[in-house]
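The values are calculated or read from the model by the stated rules, or taken from the named source; none is laboratory data. Computed from a predicted model, the values in this text were never measured in an experiment. Every residue, glycine among them, receives a Cβ derived from its backbone with ideal geometry; neighbour counts consider all protein chains shown. What goes into the accessible areas is simple: the full protein's heavy atoms, side chains included, and nothing from ligands, DNA or RNA. Shrake-Rupley method; radii C 1.70, N 1.55, O 1.52, S 1.80 Å.
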Amino acid sequence: MTERVVIVGGGTGGSVLANDLADRLEPELDAGDVEVTLVNDGPDHVYKPVWLYVPFGRREPVDGRRRLDELVDDAVDLRIDRVTDVDTGADRLRFDDGPPADYDRLVLATGSTLEPERIPGLAEGGHDFYGESSATALREELLSFTEGELVLSVIGTPHMCPAAPLEFVFMVDDWFRERGLREDVEITYTYPIQRVHGNPHIAEWARPIMEERDIDVETFFNAESVDPDAETIASIEGTELEYDLLVSIPPHGGVDLIEEAGLGDDGWVDVDKHTLEAEAAENVYALGDTADTGVPNAGSVAHYQAGVVGRRLASEVRDRPATATYDGKTLCFIETGMDAASFVEFDYENPPSPAPPSEKLHWSKLAYNESYWLTARGLL
């Protein structure tokens with residue numbers, strides 16, 4: 001009987017895993033003993049970190065897109081459709097179009113979604129760089145912004161790329177300085193807890209840089225509403241900030257079908273943080289943003305987790321004990337300006353210790369952004 005492995009989600013985790021399995025299970029795929037199917041709701045693979053550079057004119061949205069059929073190994077069946085139901089009792093998926101599909105082993109890599117509507121007025125009064133159109137719109141706003149108050153408010157946690165809010169304020173500070181406008185622009189950064197980042201080690205590193213750059217900070221600021229007409233953002237704690245340009249990290253959520261399937265709350269799958277197996281269903285894994293492991297929602301996490309799940313699935317298909325485990329490994333470059341960056345690497349046991357910013361690390365990040373497509377193809 002053919003073993004059916006279905007991966008839902010064609011982002012970093014899903015694409016890397018599909019290509020990993022195509023390589024790892026090549027004999028079984030050739031013999032017809034295994035089928036690997038990747039399901040995505042659109043034909044493109046999107047590399048979202050590119051969008052951070054779009055507002056500054058350093059990249060174009062098209063730089064972050066490739067067709068999945070060009071990235072994924074031909075041995076993988078690619079289905080472009082939207083999954084509407086996950087029935088873990090019957091081991092079956094249902095779709096917007098076409099017939100249902102049964103699986104023997106399922107991997108959920110459905111990622112994060114933006115939910116700005118959870119904050120009244122945010123969609124109308126704020127900008128973000130977490131989507132193609134929004135990053136492009138922010139670019140136009142920045143080009144015409146010559147003076148006033150720019151507020152970057154981190155509203156949603158957890159969110160994609162935890163370092164991105166810090167990167168944006170460091171980059172926009174440098175960008176205005178290069179244009180001779182920094183003295184006419186005030187920059188304020190807000191964060192919902194009493195430090196500037198969720199990780200205390202990164203927060204301790206970043207705060208002095210913000211002070212040195214004259215970036216104002218409002219911690220313990222949980223945004224409650226935005227008034228686009230008055231150009232104010234108010235917090236649950238009673239603080240109100242005026243802005244001329246509001247950039248937000250909107251609330252994030254998962255996908256409804258995860259909660260509807262009983263796999264976890266708010267669209268995140270409850271998993272064993274080492275094996276990435278779903279706690280509420282057998283033969284189901286989750287990775288990347290979808291897996292509730294407590295590690296950052298970062299592309300490197302999805303990459304490393306995909307390798308672990310690939311090794312475990314290969315063992316299971318071959319009726320061997322699955323021994324591969326994920327240790328929480330995360331790595332991230334952090335831009336500290338337009339031409340300098342830091343770097344962190346950490347796991348469940350070892351905290352991050354950011355490297356001193358340098359131009360070399362900045363170019364290393366840009367080089368990785370270019371080589372990412374080799375990673376998605378399973379070549380790195």
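The set of residues from the range 157-167 being touching a helix residue (DSSP H, G or I) at 6+ places or on another chain (Cβ under 7 Å) and either open to solvent by less than 10 Å² (accessible area, probe 1.4 Å) or part of a strand (DSSP E or B) (or both) comprises Met160, Ala164, Leu166, Glu167. Filtered by the rule that a residue be without any contact (Cβ under 8 Å) to a residue 60 or more places away in the chain, in contact with an Asp or Glu (Cβ under 8 Å, 6 or more places away or on another chain) and among the aliphatic types (A, V, I, L, M), the range 19-36 gives Leu29, Val36.
Being in the same structural domain as Leu21 (by TED's automatic domain parsing) and of a type outside the set (Ser, Thr, Tyr) is true of Glu316.
Condition test on Ser364, is it under 28 Å from Gly57 (Cβ atoms), among the small types (Gly, Ala, Ser) and buried (at least 17 other Cβ atoms within 10 Å of the Cβ)? Taking the combined requirement at face value, the residue does not satisfy it. Note on the range 230-255: residues that are of a type in the set (Asp, Glu) and either in contact (Cβ under 8 Å) with a residue 60 or more places away in the chain or within 18 Å of Gly89 (Cα to Cα) (or both) amount to 3. Under the condition of being among the charged types (D, E, K, R) and either surrounded by 19 or more Cβ atoms within 10 Å (Cβ to Cβ) or over 30 Å from Thr275 (Cα atoms) (or both), the residues counted in the range 323-359 number 3.
For the range 116-136, enumerate the residues that are within 22 Å of Ala230 (Cβ to Cβ) and open to solvent by 40 Å² or more (accessible area, probe 1.4 Å). Answer for the range 116-136, where residues must be within 22 Å of Ala230 (Cβ to Cβ) and open to solvent by 40 Å² or more (accessible area, probe 1.4 Å): Glu117, Arg118, Pro120, Ala123, Glu124, His127. For the range 173-188, the tally of residues that are out of contact with any strand residue (DSSP E or B) (no Cβ under 6 Å at 6 or more places or on another chain), part of a helix (DSSP H, G or I) and free of Cβ contacts under 8 Å to residues at least 60 places away in the same chain stands at 4. Take the conditions (1) assigned by TED's automatic domain parsing to the domain that holds Val46; (2) closer than 27 Å to Arg207 by Cα; (3) not β-branched (Val, Ile, Thr); Ala322 misses just one of them, which is (2).
Filtering the range 250-298 to residues that are in a loop (DSSP other than H, G, I, E, B) and β-branched (Val, Ile, Thr) leaves Val255, Thr275, Thr293, Val295.
For every residue, the table says whether it meets (1) modelled with pLDDT of 95 or more; (2) farther than 20 Å from Leu17 by Cα; (3) surrounded by 24 or more Cβ atoms within 10 Å (Cβ to Cβ).
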site: Leu246; (1), (2), (3): yes, yes, yes
site: Asp256; (1), (2), (3): no, yes, no
site: Glu259; (1), (2), (3): no, yes, no
site: Leu276; (1), (2), (3): yes, no, yes
site: Val284; (1), (2), (3): yes, no, no
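In the range 221-239, the residue that is surrounded by the fewest Cβ atoms within 10 Å (Cβ to Cβ) out of those that are charged (D, E, K, R) and part of a strand (DSSP E or B) is Asp227.
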